[in-house]
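Right, one structure below, let's go through it.
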Amino acid sequence: MDKANLRRRILAARAGLSEETLRTSAAATRELLLDQPWVQMAGLVACYWSIGTEPDTHGLILALWKHGATVMLPVQRPDGDLDWAVYDGPDSLAPGPYGIMEPVDERRGVDAIRTASLVIVPALAVDRSTGVRLGRGKGSYDRALARVGPHTPTVALLHEGELLDGVPAEPHDQRVRYVALPGELILLGHP
Ligand SMILES: Nc1nc2c(c(=O)[nH]1)N(C=O)[C@@H](CNc1ccc(C(=O)N[C@@H](CCC(=O)O)C(=O)O)cc1)CN2
Ligand SMILES: Nc1ncnc2c1ncn2[C@@H]1O[C@H](COP(=O)(O)OP(=O)(O)OP(=O)(O)O)[C@@H](O)[C@H]1O
């Protein structure tokens with residue numbers, strides 16, 4: 001299946017998830033991540049402000065922030081690349097492109113992600129054997145993840161059924177090291 005069809009298939013499946021499933025999945029993923037020492041110890045976390053049927057991050061972000069971590073969220077640039085700005089509580093956000101909430105804080109630049117100690121990204125699917133990530137098709141996270149060093153943990157949040165045996169990959173496609181499913185955190189074994 002090509003990328004466009006796979007995206008459509010996954011978005012259609014997500015559209016069928018109940019509010020209840022979205023809520024319980026988010027809680028399970030949040031607790032699982034917050035239980036990891038390497039998550040608890042991360043001082044600067046790059047995350048995303050979830051929308052619609054994406055794996056929900058709002059509770060996770062609030063918990064990380066309350067715990068004392070600095071959380072950066074993407075700020076969409078017109079060229080498709082991602083700038084970064086710091087979350088400072090629920091009142092620090094305003095709607096940006098695609099209706100996604102973005103921090104009003106100063107922009108830290110596209111390279112700010114290099115300094116994160118933990119990177120949590122949205123994905124529509126991840127390849128179980130290679131870690132290759134399928135995104136929304138704008139290449140934004142391919143550019144952002146290309147700046148992240150090999151020792152920084154990268155985690156894609158997925159719903160059940162989105163960790164696949166085979167995702168179409170092109171040379172520019174970036175991989176993630178972990179996937180977090182509701183109730184299951186998986187360290188992918190790719191080199
Ligand atoms: N929450 C979130 N923030 C993000 C991304 C993302 O995928 N999710 N991005 C990743 O690059 C960037 C924004 N790029 C985006 C590109 C396309 C669509 C998009 O196709 N949206 C659908 C509706 C989404 C839904 O409800 O599931 C649309 O507009 O029809 C969204 C964001 C940066 N911030
Ligand atoms: N490093 C890069 N610099 C500029 N453009 C890029 C880069 N990486 C990918 N692109 C472009 O982005 C477009 C979309 O790529 P692709 O379909 O692989 O996105 P994706 O990985 O699914 O989505 P995303 O990265 O936004 O989550 C492609 O046309 C690709 O050429």
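Rounded to the nearest 0.05, what FRET efficiency do LEU187 and ALA94 give with R0 = 45 Å and r taken as the Cβ-Cβ distance? Could you check?
Efficiency, from the Cβ-Cβ distance: 0.80.
Calculate for the chain the 222 nm mean residue ellipticity that helices alone would give, adding -39,500 (n - 2.57) per DSSP H run of length 4 or more and normalising by residue count, nearest 500 deg cm²/dmol. If you can, show how the numbers build up before the last one.
Numbers: 5 runs with 49 residues, N = 191.
Result for the chain, helices only: -7500 deg cm²/dmol.
Any idea which of PRO103, HIS172, LEU32 is furthest toward the positive side of the dipole for the chain, if Lys and Arg beta-carbons carry +1 and Asp and Glu beta-carbons -1?
HIS172
List the residues, sorted by chain then number, that are 5 or more residues from GLN174 or on another chain and whose placed amide H is less than 5 Å from its amide H.
Distant-sequence amide H within range of GLN174: ARG133.
Pop out the carbon and sulfur fraction of the accessible area of the chain as a percent, whole number, probe 1.4 Å.
Taking all protein chains in place, the chain shows 54 percent carbon and sulfur surface.
Residue farthest toward the positive end of the dipole of the stretch 1-159, with Cβ of Lys/Arg at +1 and Asp/Glu at -1: which of VAL155, ALA4, ILE61?
ALA4
Taking the Cα centre of the chain as the origin, how large is its charge dipole in debye, to the nearest 20, when only Lys and Arg (+1) and Asp and Glu (-1) carry charge on their Cβ atoms?
Once rounded to the nearest 20, the dipole reads 360 debye.
Give me, ordered by chain and number, the residues 5 or more places off ILE120 or on other chains with an amide H under 5 Å from its own placed amide H.
Here ALA46, CYS47, VAL155 satisfy the definition.
Considering the options THR130, SER140, SER92, tell which one lies farthest towards the positive end of the dipole of the chain, charges being +1 on Lys and Arg and -1 on Asp and Glu at the Cβ, about the Cα centre.
Value computed over the given set: THR130.
Determine the distance separating the Cα centre of the stretch 120-191 from the Cα centre of the stretch 9-40; give it in Å without decimals.
With the stretch 120-191 and the stretch 9-40 each reduced to a Cα centre, they are spaced 15 Å.
Could you work out the equivalent-ellipsoid semi-axes for the chain, taking the square root of 5 times each eigenvalue of the Cα gyration tensor, largest first, in whole Å? If you can, show how the numbers build up before the last one.
Working: eigenvalues 103, 71, 62 Å².
Ellipsoid semi-axes (Å, largest first): 23, 19, 18.
List every residue whose amide H lies under 5 Å from the amide H of SER50, counting only residues 5 or more places away in sequence or on a different chain, with H placed 1.01 Å from N in the peptide plane.
THR57, HIS58
Tabulate in residue order the Karplus-calculated ³J(HN,Hα) for the stretch 150-157, using 6.51 cos²θ - 1.76 cosθ + 1.60 with θ = phi - 60°, rounded to whole Hz; enter x for Gly and Pro.
x, 9, 8, x, 10, 10, 9, 8
With the other protein chains left in place, how much accessible area per residue, in square angstrom, belongs to the chain at a 1.4 angstrom probe?
Values: 9080 Å² over 191 residues.
So the chain comes to 48 Å² accessible per residue, rounded to a whole number.
What size of dipole, in debye to the nearest 20, comes out for the stretch 82-191 about its Cα centre when the only charges are +1 on Lys and Arg C-beta atoms and -1 on Asp and Glu C-beta atoms?
For the stretch 82-191, the charge dipole is close to 340 debye.
The values are calculated or read from the model by the stated rules, or taken from the named source; none is laboratory data. Quick caveat, the model's predicted, so the values are computed rather than measured. Every residue, glycine among them, receives a Cβ derived from its backbone with ideal geometry; neighbour counts consider all protein chains shown. Just so you know, the surface numbers come from the protein's heavy atoms only, side chains and all, with ligands and any DNA or RNA stripped out. Shrake-Rupley method; radii C 1.70, N 1.55, O 1.52, S 1.80 Å.
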